[in-house]
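What follows is a set of notes on a single structure, which appears directly below.
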Amino acid sequence: MTQMILSKNTAIRRVQSGLQLIPAETQDPFLLNIQQLLELPLSTYFLDREGLTQTINEEGLMTCGFDSEKQAMGKSIMAVSKRESAQQLISNCHEVIQYQSVKFFDEMNLRKDGIHQQYLSIKFPCYDQTMQVLGVFGISIVLGKHSLAESMALVQRMGLLSSPPESTVSFSIVLTPREQACLHWLTKGFTAKMIAKELDISHRTVEEYIANIKSKFGAHTKSQLIEMLRTK
């Protein structure tokens, strides 16, 4: 099995089904490199096919609960998170590898130190030059900490999200004023509880509004809704 061998200068090309890693000596000003991805103000990380950390940025270390990159290297999320949530995060990575496609996930992580976080994660399969799968590159947007709208715009500007197919979202969708307000805060990364506080309504009412919005857009999850809005 091909191993994921990375350096901060390893070049990256966006391909239809994910990211292709190219030798660092490749001279192409239009390619990104790993260092640029690690400098994103979001949790970014490269994992091998087994979910073991190959490199991770400072924000990722703080988000996951690792003390240092040295501690994280060669470890999975199992080292710092409760078993059930860690298994789900690892399962999501395996799904990306199995289907070899970029996927969005609503993720929740309960760390061993008791800290609970909710993410919108974008995960890309990584390939070598012969298009053999090496592992996964992930970007996790921590809801309530990172602005969802700004984060998605940043990822888009870097060219990580390829041009989407023609949107399947109907432009005749009509939202009530309350639904519009909920959607506004949702795209900024607010949780339902935070939106409830902002709008001075109950958490249950916000969940009902969000359910209505998802139904109108034909989305099954919040992450799918956000992805549909991005392509709108």
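Compared with the direct C-alpha span, the chain from Met158 to Glu25 gains 45.8 nm at full extension, assuming 0.36 nm per residue. Exposed loop sites are taken as chymotrypsin sites (Phe, Trp or Tyr not before Pro) in a DSSP loop (any state but H, G, I, E or B) with at most 16 other beta carbon atoms within 10 Å; the longest stretch of the chain without one runs 31-170. Calculated FRET efficiency, Lys193 to Ala149, Cβ-Cβ distance, R0 = 30 Å: about 0.95 to the nearest 0.05.
Each residue of the stretch 39-50 was assigned a 3J(HN,Hα) from its phi angle through the Karplus expression (A = 6.51, B = -1.76, C = 1.60, θ = phi - 60°), giving 8, 4, x, 10, 6, 10, 6, 10, 10, 7, 5, 8 Hz with x at Gly and Pro.
Near Gly135, the amide H atoms lying under 5 Å from its own belong to Cys126; only residues 5 or more places off or on other chains count, and H is placed 1.01 Å from N. Between Ile201, Ile90, Ile12, the residue with the greatest mean-square fluctuation in the GNM of the chain (Cα pairs under 10 Å linked by springs) is Ile201. Rolling a 1.4 angstrom probe over the protein heavy atoms with all chains in place gives the chain an accessible area of 52 Å² per residue.
The candidates Lys193, Lys214, arranged from most to least accessible area with a 1.4 Å probe in the full protein assembly, appear as Lys193, Lys214. Heavy-atom surface analysis with a 1.4 Å probe gives the chain a carbon and sulfur content of 51 percent of its accessible area. Packing, as the average of other Cβ atoms within 10 Å across residues, places the peptides 48-57, 32-41 in the order 48-57, 32-41, highest first. Normalised by 2.2 N^0.38 Å, where N is the number of residues, the C-alpha radius of gyration of the stretch 1-116 stands at 1.09. Taking θ as phi - 60° and the Karplus parameters 6.51, -1.76 and 1.60, the scalar couplings of the stretch 111-124 work out to 6, 5, 8, x, 6, 10, 9, 10, 10, 10, 10, 10, 10, 10 Hz in sequence order, x denoting glycine and proline. Restricting the trypsin sites (Lys or Arg not before Pro) of the stretch 97-159 to loop positions (DSSP other than H, G, I, E, B) with no more than 16 neighbouring Cβ atoms within 10 Å leaves Lys112, Lys145.
The values are calculated or read from the model by the stated rules, or taken from the named source; none is laboratory data. These figures come from a predicted structure and were not determined experimentally. Note: ideal-geometry Cβ built from the backbone for every residue, glycine included; neighbour counts use all protein chains shown. Just the protein is used for accessible areas: all its heavy atoms, side chains included, with ligands, DNA and RNA removed. Shrake-Rupley method; radii C 1.70, N 1.55, O 1.52, S 1.80 Å.
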